[in-house]
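So the structure is just underneath, and the comments pick up after that.
The values are calculated or read from the model by the stated rules, or taken from the named source; none is laboratory data. It should be emphasised that the depicted structure is a prediction, and the values quoted were computed from it without experimental measurement. No Cβ is skipped: glycine too gets one built from the backbone with ideal geometry, and neighbour counts run over all protein chains shown.
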Amino acid sequence: MIIFLITFTVTTISSNVYAAQMTTVLSPQLNQAQPVFTANRFITFQFDQGSELAKKYANVDQTVRFKANSSTPGMAELISGINKDILTQKQSPIRIENGTIDYTGSLKGSADKLIMSYKVVFTPSISGFTLPSNNTGGASLVDLDWRGFHTTRPLELQIPNIGNMSINYPMSLLQVTYPELAQQLNSTQAKEIFQTPLFNFEDIGTPMDRWHFLFDPTGSQASTAGSGFQELGGSRVVSIYSLGESSFREGVMEAKESDAKATIDGTNANIHSSTPPPSGQIQIGGFATVSKSGNSEIAYVTANAPEGTAAATGGFPLQVLGALAGMMAAVSVFVLWKARK
């Protein structure tokens, strides 16, 4: 397996502000991985200069930051809940065995606004994405459905010097910093913005045919980049799928925006929420082709690519198209497994 972070869509990505919402490296042989899910959101509280809200929050500059792991009270329940959601939503066999949380919530005031920013990084340790199959000719089947999970659970943790805090609901940041403001917002239409979960990775479940494909047959790109070439699971080649590049083929990835109004302390306020466009990268050890059956997608992974394989998104050569027939026989086992769940 090759592990590297390489930006091959620089010209596209540099022109936009993207949230790196999911990255992972998958080795079918090891059947274990540590994907990184990042939830980002920005909420702007706009008010008139000189208003009561301006007097209270213009000079705010506060950050709540903490890390959590298996020893943090509430982490076991958090992982158990997400496992249940993935199984219910995706019928995926993967299981989260452990994980870490890195939470950062910031509040920054000015003369006419209060900006709240959220960044929650969830790094689970998963296993079980390599599926049982037959007639694969030495190839592996890798489940990809788990990547697009979401959860409406509060995901509460007990944090020293902070107390009980939900990492999934934006309102929780206000509840531990400015509880009076949180209480007043809860009685307005704006509360929906602050109760919209951060852990919504449904857009990472965008069909794989909208992900950009790059195949590195030798590891030369990783070596050239000088960014940590490694082998895992005995594979020297890597397939890279990237989400976030806006193009005619992949389409345009858009931010999610919402607005609301509230009256707080006699002051009218406009509240705007923005979640950056989705982006992600999946690296798979070996040559991967993706098959879809209904709403399920799996990768059919071989140690090497057929001769003449295109290195990037585009038409596949005849050898790859011919291999799809064998892949479909293997996929049938996976489809039957899903149907029984």
Out of (1) more than 22 Å from the chain's Cα centre (by Cα); (2) surrounded by fewer than 18 Cβ atoms within 10 Å (Cβ to Cβ), the one Arg95 does not meet is (1)
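Table: residues versus (1) touching a residue at least 12 places away in the same chain (Cβ under 8 Å); (2) closer than 22 Å to Val142 by Cα.
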residue: Gln62; (1), (2): yes, no
residue: Thr72; (1), (2): yes, no
residue: Ser80; (1), (2): no, no
residue: Lys84; (1), (2): no, yes
residue: Leu87; (1), (2): yes, yes
residue: Lys90; (1), (2): yes, yes
residue: Asn98; (1), (2): yes, yes
residue: Thr104; (1), (2): yes, no
residue: Ser110; (1), (2): yes, no
Does the range 27-48 include one or more residues that are surrounded by fewer than 19 Cβ atoms within 10 Å (Cβ to Cβ) and among the basic types (Lys, Arg)?
no
Looking only at residues in the range 172-199 that are within 18 Å of the chain's Cα centre (by Cα) and buried (at least 20 other Cβ atoms within 10 Å of the Cβ), which one is nearest to Gly280 (Cα to Cα)?
Phe199
Every residue from the range 204-246 that is touching a helix residue (DSSP H, G or I) at 6+ places or on another chain (Cβ under 7 Å), part of a strand (DSSP E or B) and modelled with pLDDT under 90
Asp216
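Can you spot a residue in the range 263-272 that is under 23 Å from the mean Cα position of the chain (by Cα) and at pLDDT 85 or above? Write out each step before concluding.
To start, the set of residues in the range 263-272 that are under 23 Å from the mean Cα position of the chain (by Cα) comprises 272.
Adding the requirement that they be at pLDDT 85 or above leaves 272.
Checked the range 263-272: at least one residue is under 23 Å from the mean Cα position of the chain (by Cα) and at pLDDT 85 or above.
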Would you be able to say whether some residue in the range 71-83 is in a strand (DSSP E or B) and more than 21 Å from Gly148 (Cβ to Cβ)?
no
Which one of these does Asp48 not meet: (1) assigned to a loop (DSSP other than H, G, I, E, B); (2) touching an Asp or Glu at 6+ places or on another chain (Cβ under 8 Å); (3) modelled with pLDDT under 95?
(3)
Looking at Leu131 and the list (1) closer than 20 Å to Gln34 by Cβ; (2) modelled with pLDDT under 95; (3) out of contact with any strand residue (DSSP E or B) (no Cβ under 7 Å at 6 or more places or on another chain), which single condition is not satisfied?
(3)
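State yes or no: is Ile126 surrounded by 16 or more Cβ atoms within 10 Å (Cβ to Cβ) and part of a helix (DSSP H, G or I)? Don't jump to the end; show me each part of the working.
On the way: surrounded by 16 or more Cβ atoms within 10 Å (Cβ to Cβ): yes; part of a helix (DSSP H, G or I): no.
Spelling it out, it is not the case that Ile126 is surrounded by 16 or more Cβ atoms within 10 Å (Cβ to Cβ) and part of a helix (DSSP H, G or I).
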